[in-house]
1. When each copy gets a label point 7 Å from Cα toward the beta-carbon at C:Pro242, what are the spacings between them in nm, shortest first?
2. If you average the sequence gap of Cα pairs under 8 Å that are 6 or more apart and divide by the length of region D:6-142, what percent do you get for the contact order?
3. Distance from the Cα centre of region A:319-333 to that of region D:85-101, in angstrom?
4. For B:Gly209, which inter-copy label distances result when the label point lies 7 Å beyond Cα on the Cα-to-Cβ vector, reported in nm to one decimal and in ascending order?
5. Would you mind classifying region B:226-282 by shape? Square roots of the alpha carbon gyration tensor eigenvalues, ordered a ≥ b ≥ c; an a/c under 1.5 is rounded, otherwise it is prolate if a/b is larger than b/c and oblate if not.
6. Within region B:96-130, name every residue whose backbone N is under 16 Å away from a label modeled 7 Å from Cα of B:Ala352 along the Cβ vector.
7. Please give the Cα centre distance for region D:129-203 versus region C:343-368, rounded to the nearest Å.
8. Could you tell me how many degrees, from 0 to 90 and to the nearest 10, lie between the Cα long axis of helix B:323-342 and the main elongation axis, the longest principal axis, of the Cα atoms of chain B?
There are 4 protein chains.
Amino acid sequence: MPLKPEIEKPESERKRVGFALVGIGKLTAEELIPAARTSEHAYIAALVTSEEDKGEAFARAFGLTEADVYTYDEFGKLADRDDVEAVYIVLPNSLHREYTERAAKMGKHVLCEKPLSVSTQDAQAMVDACREADVRLMTAYRCQYTPEHWAARDAVQSGKLGKVKLMDSIHVQVQQDPEAWRLKKTLAGGGPLVDVGIYCLNILRFVTGQEPEWVFAAEHQPEGDPRFKEVEESTSVMLGFPGGLIANFLTSYGAMKTTTLRVMGEEGSLLMDPAFPYDGLKLKITDSEGTHEPSFPEYDQFALEFDHFAQSIRTGQQPWTPGEEGVQDHVIMDAIFESARSGKRVDLGATAGKDATRGDKKPELPQK
Amino acid sequence: MPLKPEIEKPESERKRVGFALVGIGKLTAEELIPAARTSEHAYIAALVTSEEDKGEAFARAFGLTEADVYTYDEFGKLADRDDVEAVYIVLPNSLHREYTERAAKMGKHVLCEKPLSVSTQDAQAMVDACREADVRLMTAYRCQYTPEHWAARDAVQSGKLGKVKLMDSIHVQVQQDPEAWRLKKTLAGGGPLVDVGIYCLNILRFVTGQEPEWVFAAEHQPEGDPRFKEVEESTSVMLGFPGGLIANFLTSYGAMKTTTLRVMGEEGSLLMDPAFPYDGLKLKITDSEGTHEPSFPEYDQFALEFDHFAQSIRTGQQPWTPGEEGVQDHVIMDAIFESARSGKRVDLGATAGKDATRGDKKPELPQK
Amino acid sequence: MPLKPEIEKPESERKRVGFALVGIGKLTAEELIPAARTSEHAYIAALVTSEEDKGEAFARAFGLTEADVYTYDEFGKLADRDDVEAVYIVLPNSLHREYTERAAKMGKHVLCEKPLSVSTQDAQAMVDACREADVRLMTAYRCQYTPEHWAARDAVQSGKLGKVKLMDSIHVQVQQDPEAWRLKKTLAGGGPLVDVGIYCLNILRFVTGQEPEWVFAAEHQPEGDPRFKEVEESTSVMLGFPGGLIANFLTSYGAMKTTTLRVMGEEGSLLMDPAFPYDGLKLKITDSEGTHEPSFPEYDQFALEFDHFAQSIRTGQQPWTPGEEGVQDHVIMDAIFESARSGKRVDLGATAGKDATRGDKKPELPQK
Amino acid sequence: MPLKPEIEKPESERKRVGFALVGIGKLTAEELIPAARTSEHAYIAALVTSEEDKGEAFARAFGLTEADVYTYDEFGKLADRDDVEAVYIVLPNSLHREYTERAAKMGKHVLCEKPLSVSTQDAQAMVDACREADVRLMTAYRCQYTPEHWAARDAVQSGKLGKVKLMDSIHVQVQQDPEAWRLKKTLAGGGPLVDVGIYCLNILRFVTGQEPEWVFAAEHQPEGDPRFKEVEESTSVMLGFPGGLIANFLTSYGAMKTTTLRVMGEEGSLLMDPAFPYDGLKLKITDSEGTHEPSFPEYDQFALEFDHFAQSIRTGQQPWTPGEEGVQDHVIMDAIFESARSGKRVDLGATAGKDATRGDKKPELPQK
């Protein structure tokens, strides 16, 4: 990971977009802050955290001062920080709406972790708030910004695989801590589906550029397991896409880490395995000529997200994965939960056109 | 493939079980006859075919005489052949019942290709006919006889993977010839589900030893494609097993060859890819220690089937995959078709105990 | 492996070349006879063996009669068999010369297993004898007839890998039986080098089309191991090719089966692993675009050899790997043994032009 | 890569060893500084660089001040910095000796990049200087500190592979810039051998714990290529180890990146591919049971080195790869150059006992 100390290019920095990171957890510490260092168009200007000590330690370590650290109570003070043009919300899902709305009111652009919220209604409210305040809202779907996932999308949409007939995807992992907020329904809005299964759902929609017309789902919530008192442990989903294309995906908090995407067409197939980690993505495309594993340049997924959003702020364009893209996954996840509850197929009605919920600004892919 | 010319051990041959192969297609020519050569307990004693010339050519090539070749009209003459103790039925599915019943009446044991028949009713009639005639009936589920699939079953049932939560399986291939009997509903009884999807269904049942409690399915039958006038092109199936275990499988006649089986447990996972070819099966088991790809001795899948059935004839035991095992897949496939038609989940009722439809005689696995 | 019983096309058979197989061991039984069945241009017309019973068993099993089986004493009687146009010599190496000379004198063409003989001198005598008798002589280097090895050669020679700088190859396996003729110096002419290392040597020469200018080698012959009283256990070889290209290869009778070929160029590299088995060859080509694993049609390596030689007999052309190609490996192996003995580099003198020891007739590669 | 800002644990820092990084290139910026952040026992206290601006930028970015940045002329001022207990020398090879001797005289411990120097004589002088000054000297052989390479060593030494017979290793890459100091003989001391081939040499010695008894080598220096005016482009080396074990390795600056290690024993074999990158190492061990790819915890190779050396400073023990270990590779590389020049095998004389040039302190491997 190339380090580009901010001080190295003082001029360019003035044009970079300053972000306040809201929430300091594992993702922030291990991925977002290092990523911000490698970003060309963004930098970390402030931190918002409940643990002031931890925040100050981070701040000093990364060239910020104590004055750049805010408690949640002080969130409103960011209004005075002209250098903070955007916030990156890395809070429990149930807090996404509140902090997005507050940020929007302060005129700050919002990059929000997935899932966008805990319900379609809340997610839509976030979109509305940002539109009203005329600030950009981006759902942090990092897999829509990698060259590997774009190569998969291109293989699907270019016809290289022939007509695509079936797809499947898996994102399962073990959640061991019964106290994790991700296992509390009110905080998370659901179990593995909203946290890791959403990768499958989102990427199936992304590679096809299309929306499912119906869903069927089943879930399992084991009795007696302290982890799964509030949320489901495992979910299996079947999605019917236009033209008869069918996709399945599996997600769980109770199975050893596996992440895959498979697309099967009449003239070829593709496999991403692993499909969703921060690095080490592997794509194989097979057709009658053989199997090709393309090589890609090194990059940082989070830096690509920061850069994309910073640029969309500068140009005023909708980011590729705006709030609307996050809302759409909530609509489908609501249907998935309903199907799992009722044991019945749920129709989603007429679907929008290709990439209807995506922005105008296409991601810039890293070059070799 | 080690060749063991029959003449080499004249004594042992007398104890070997003579089979009449009924139907000479690609499978017979390329797999069954070579396999029979390597079998320790079986040999080909006669051929039944509509193409007499072809049959005689095969016969002479493999040390039989013209007298060992029969037309379908002459099938009844096998009654006079004491050396023909069993028939192996490799005919279009719709003919399985008729030839099984005729064979049973002649006192011949029956090894029948999968699917056992074209409906649950016909399949059950075959079981009844063989029971009445006191002959053995075996469904030729070759994947229940390989060391790789048994190693997968052991990994699942031994607890090595922890509690199993989710499974998926794929068997898709391209059927190009619109004239193939496999695309005619009355001959085949269905499309890819009954031909290749049945591998997924059967192996998911085999590795768990359990029966699904409910199914949901969707299928696609493209308009205007001359191949899919009568049968579906692709089918996606979700199966609910006891204890909340959910399995998906995908099958198609319109997608590039892919065959997989994946099982995900809390402490490990396994992947067979490819999962169903005649050779080259690859099994990987992953747990916290890493990934292990066990090695297996070389063997011929069809020879293992021949040997198993020949031995079950000699010992009078039920073969491991008797007719009942084939009937059970028909019961589930009927439910799959119903679900695909209705768009509704179909409950299968209370399930039988572990391996309830399997015989007493466990397969002998090839030794290194 | 598609079976094509001879009787199926009686006309074409008349044009096929009848072979006498001289020597019935594992290779003959498990590979050559099945291969001959799939050959388009060759068939087995006679067997020569010391074990008459075994020969007759094979004969009958494969549609021949007792009259088609000869003892070594009766080898000369093949002179009377017009239908036997060629012999395939599968005897211990030390017998290659004698049987080749006798066959040549009878006007029979000779396909001879590798190594061609037990010394350069004997090998050259075989070439001379066949030239004098105006019969074709082919060294059975099956890896010069596969589409995978030709794809490797094309990658090297087309410049796809850029200028090639370094190569290496491995062929090691465990020889467990101390009584095997391959461990007797007078019968085999050497240890693993002449039996399995020769694959590395031959394929390195084949993919480049060039000859080494010098060799250096070291070998190990463990004391007290009953298997290695007469021949070396392991050999390491370095070869200097024109233009500064250096290649290493390793061979052993004391290490778990491994067969590889690796070629490294400035713009790409290729890896065959495994490189030398009868089937399951795997080729990967890596360049700046990624890694490609091309697919190839199914085929039988031995059938390709039979077909090639049969056609070269029909057309009167030199086969691609004539006796001269076998002699050249002996020249180099002699130098390897000398280097291992002396601990010194051995120069091979000026090298011949590209493919100088190969015939005019290029192999026909199997088509998809 | 977990970030542990220094400020987070002010107490522990007092006990951590402060390093001055001498030389700021790609390795320093991209690997060493991030690694130092994750180190438990070391931290960066000062920077020495010719590019003062760059140094100050780095300093500020990482919580140091301008006062912590020194030019090479000011190197001597580190004597006054009690908090700088050690230096990490990341300079062109020809400067290793001078800066090591100067550091030793100031009482600073020395961690020096490989190769230790540009000749055996210079390397030995460095060892002597550090011994005289009673400071620790460690050669930065990062591959002797990873769990993957230790697992390979254990497989070799535990007998899991049976008696080991042959090994080979590859480290090749393309050096494109003709101006790189690594291509200047006086600065680098040699070409790819001393830079990347040394990995092969060092790891072959490490996994066996033994020293080669003789070497043979050939090299290629293409005419007319501006990159290879002073140093060789490619080198092939054969090494004779005690007991008849033979190892080959290949190194080049003119071939697409490849790094491997293969060990072949009578009962098993191992393959590391890639074998030498900073991350993504892959180890496969094959025996009669199959192939096992063990999993390992995540870690940072450079942090492991920093930690090991810091701890050996605290405990006063010889680090696992002291200067002596670096000297030994120079002795062998001298012999390799001599062999390549003379075309003759070079004997290295009697070899020392197992791990004779390694320290008492075994590396602590990262735990899951």
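1. In nanometres, ordered from closest: 4.5, 6.2, 7.4.
2. Averaging sequence separation for qualifying contacts and normalising by length gives 21 percent for region D:6-142.
3. 55
4. Those label-point separations list as 4.5, 5.1, 6.2 nm.
5. Cα axes put region B:226-282 in the oblate bin.
6. B:116-117, B:120-130
7. Spelled out, the Cα-based centre of one part sits 36 Å from the other.
8. 50
The values are calculated or read from the model by the stated rules, or taken from the named source; none is laboratory data. Owing to the predicted nature of the structure, the values given are computational and were not obtained by experimental measurement. When we count neighbours, we look across all protein chains shown, and the Cβ atoms used for this are built from the backbone with ideal geometry, even at glycine. All accessible areas refer to the heavy atoms of the entire protein, side chains included, with ligands and DNA or RNA removed. Shrake-Rupley method; radii C 1.70, N 1.55, O 1.52, S 1.80 Å.
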